[in-house]
Amino acid sequence: MPHHLTHGKARTARSVQRWAGAVALGAAAAITLAACGGGNAAKGTGSNTSTGGSTAKANGPVQVALILKDFTNPYFISMENSAKADAAKLGVKLTVSAGSQDGDTTTQISAIDNAISAGDAGIIITPNGNAVNPALNQAKAHHLLVIALDTVPTPPSTADLTYATDNFQAGQLIGQYTAKRLNGKRADIAMLDLSNTQVVSVDTSRDHGFLTGMGIALGNKNLNGAEPKSGQYKGQMGGSGGYKIACQLPTQGAVPGGQTAMEQCLSKDPNINVVYAINEPAAEGAGAALKAAHKSGVIVAAIDGGCAVIPYLKNGQVTATSAQFPGKMAALGVEAVNTVAKTGKKPAATPGLGFFNTGTKLYTDSPVSGVPGGNTSQLAGVCWKA
């Protein structure tokens, strides 16, 4: 949902007004990468139904359309850069387009129609909303392989496969870290979520993952805020003690929202020593509020893995983050379409999940024994940037 957050427009979005320094390439612009010389692109199999709605085996370069939410969010720029690099390596002809902003489905629908008309082998997309579903279904009817990135569509069958982060696991990692780092101390917790006006899957998954890692029971698996407000935590990786959830407020996944929410939380309970943040911009805002209030030693844990968080991890304003890897999602999408077009072999979801899990990893410069992870120097080599 990155700082990118799917469905919640928070980054992820899911949220990154702060990252607006990224270069805007133009909403409807298309960038074509001809990684190999000459030859026609492999086309969809309009007359071949033996591949179950996917593409035919191709003899020449495979043509793929990458359709992003926008061209300004570093999360999606990372996808673009990785997809282009992988296309060059594989000899895939890649066309890149995007909406004018998060939520722009009209431009994405036009890009889908263009991919069908061009006879592309597949579409790789970060959908801006369910309004694109009929166009994607039309693409599948024309035997294009449809790959979603970052968020499983609703319904999931809209895409042949989704490459995404296991958001529950990402939250779980920072919960495990937090409990172990507390080392038995009482936890006064501020929960800085995405929204309190709608149920968003990435919001509940990350929130509930954190609580589970902390060893706090969930009151309702489908809703945030239903857990017991006080009791005992027992971390999955160690660490146990008493806890109180001092406040739970929305941030919209943005820096101003994180700062305002943290200020309100501190007014309710000045002794807060643990902050869960839906993403890194919200965590940065919380850190600014804590600094202004002259609070130190507070654990601020978040999810994203953007390069912009590194200075805040180094100065302690953010304590730890669970990174996700959007570039890997896009590269795997390119490889999947190319493989199907060349061999007819379709990719499969991770067992037990309705998507392919592209992984997550904890990064902090304040490690605790028994909780695996990396430091900021290692994050710098894998983080996503403009």
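The values are calculated or read from the model by the stated rules, or taken from the named source; none is laboratory data. All of these numbers come straight from a predicted model, not from anything done at the bench. Note that we place each Cβ from the backbone using ideal geometry, even for glycine, and neighbour counts take in every protein chain shown. Only protein heavy atoms, including side chains, enter the accessible area calculation; ligands, DNA and RNA are left aside. Shrake-Rupley method; radii C 1.70, N 1.55, O 1.52, S 1.80 Å.
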Straight distance only, please: which aspartates and glutamates reach the Cα of Lys69 with their own Cα at less than 14 Å, same-chain residues fewer than 8 apart left out? Glu80, Asp102, Asp104, Asp150
For segment 105-237, which whole-number percentage of the solvent-accessible area (1.4 Å probe, protein heavy atoms only) is attributable to carbon and sulfur atoms? 49
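How high is the FRET efficiency between Asn271 and Ser157 when r is their beta carbon distance and R₀ equals 35 Å, given to the nearest 0.05? Kindly include the intermediate steps, with their values, before the conclusion.
Working: r = 48 Å, r/R0 = 1.38.
Once the sixth-power term is evaluated, E becomes 0.15.
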Under 16 Å from Lys345, Cα to Cα: aspartates and glutamates that are on another chain or at least 8 residues apart: Asp160, Glu335
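So, for segment 67-162, what is the accessible surface per residue at a probe of 1.4 Å, expressed in square angstrom?
On the way: 2930 Å² over 96 residues.
Result: 31 Å² of accessible area for each residue.
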Chain lengthening between Gln236 and Thr106 when straightened (0.36 nm per residue, less Cα-Cα): 42.3 nm
Proximal aspartates and glutamates relative to Lys295, as straight alpha-carbon distance under 15 Å, when same-chain residues fewer than 8 apart are discounted: Asp188, Glu263, Asp269, Glu284
Set Lys180/Lys361; Lys328/Lys385; Lys93/Lys385, cut-off 18 Å on Cα-Cα distance; pairs above it are Lys93/Lys385
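State to the nearest 20 debye the size of the charge dipole of segment 195-318 about its Cα centre, where the only charges are +1 on K and R beta carbons and -1 on D and E beta carbons.
On the way: 9 positive and 8 negative charges, 62 e Å.
Result for segment 195-318 is approximately 300 debye, rounded to the nearest 20.
Pull out the extension gain between Ala380 and Ala88, defined as 0.36 nm times the separation in residues minus the alpha carbon to alpha carbon distance; nm, one decimal.
Numbers: separation 292, 0.36 × 292 = 105.12 nm, distance 2.38 nm.
Length gained, Ala380 through Ala88: 102.7 nm.
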